[in-house]
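Undergrad: Below you'll find the structure I mean.
The values are calculated or read from the model by the stated rules, or taken from the named source; none is laboratory data. Keep in mind it's a predicted model, so treat the numbers as computed, not measured. Quick reminder, even Gly has a Cβ in these numbers, built from the backbone with ideal geometry, and neighbours come from all protein chains shown. All accessible areas refer to the heavy atoms of the entire protein, side chains included, with ligands and DNA or RNA removed. Shrake-Rupley method; radii C 1.70, N 1.55, O 1.52, S 1.80 Å.
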Amino acid sequence: MRKPVKPPALAPGSTIAVISPASPAKQDRLRRGCDNLELLDYRVKEMAGNRKPDAYFAGTLDARSKELQDALTSSDFQAVFCARGGYGSAGLLDRLKPSRIKRPKIFCGFSDLTALHIFLWQKLRWVTFYGPLVAGGFDAGPNATGGYDPDSF
């Protein structure tokens, strides 16, 4: 059995890609979550921009799979955080190309995103983080009800 692959820790100034691989997030919550990550001294690149939702999803299958693949392969990002869970990330699995992913990075999210955690573990042996969503935890702020715990983060 191959050994687990741990990503490097985030440091002040690290860049986090914020992706929306499942359901769409409310823009005000997404903005607050990104702002709170920036207050922690990280740079944040919200990848979905002003993309239009597609039924229950944060965008078309093509747009969401490209966004995920780009975030995982780009050397510009040290971490990939998900805007929210909900529904739709399992449909991305057949489209991902793990052979193009060269360096481990932090992947954080929960809910429907569990399928992506399992994929990254099975294909690349990455240690991932079942943690707060940008628009579902980081948006509420530190130590707030429904927020995140800064000490454990």
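Undergrad: Filter the range 12-27 down to the residues that are out of contact with any Cys (no Cβ under 8 Å at 6 or more places or on another chain) and assigned to a loop (DSSP other than H, G, I, E, B), then identify the one that is most open to solvent (accessible area, probe 1.4 Å).
TA: Per the criteria, the residue is K26.
Undergrad: Going residue by residue through the range 71-81, is there one that turns out to be assigned to a helix (DSSP H, G or I) and surrounded by 23 or more Cβ atoms within 10 Å (Cβ to Cβ)?
TA: The answer is yes, given that some residue of the range 71-81 is assigned to a helix (DSSP H, G or I) and surrounded by 23 or more Cβ atoms within 10 Å (Cβ to Cβ).
Undergrad: Of the residues that sit in the range 128-153 and are touching a strand residue (DSSP E or B) at 6+ places or on another chain (Cβ under 7 Å) and aliphatic (A, V, I, L, M), which one is surrounded by the most Cβ atoms within 10 Å (Cβ to Cβ)?
TA: V134
Undergrad: Hey, another quick one. What is the residue count in the range 116-146 for residues that are assigned to a strand (DSSP E or B) and either free of Cβ contacts under 8 Å to residues at least 60 places away in the same chain or within 12 Å of I106 (Cα to Cα) (or both)?
TA: 3
Undergrad: Let me ask another. Considering only residues that are aliphatic (A, V, I, L, M) and not in a loop (DSSP other than H, G, I, E, B), look in the range 28-60 and name the one that is nearest to L72 (Cα to Cα).
TA: Within the range 28-60, the match that is nearest to L72 (Cα to Cα) is V44.
Undergrad: Touching a strand residue (DSSP E or B) at 6+ places or on another chain (Cβ under 8 Å), part of a helix (DSSP H, G or I), in contact (Cβ under 8 Å) with a residue 60 or more places away in the chain and surrounded by 15 or more Cβ atoms within 10 Å (Cβ to Cβ), is that true of L68?
TA: In short, no.
Undergrad: So is G109 open to solvent by less than 30 Å² (accessible area, probe 1.4 Å), within 18 Å of A25 (Cα to Cα) and at pLDDT below 95 or not?
TA: no
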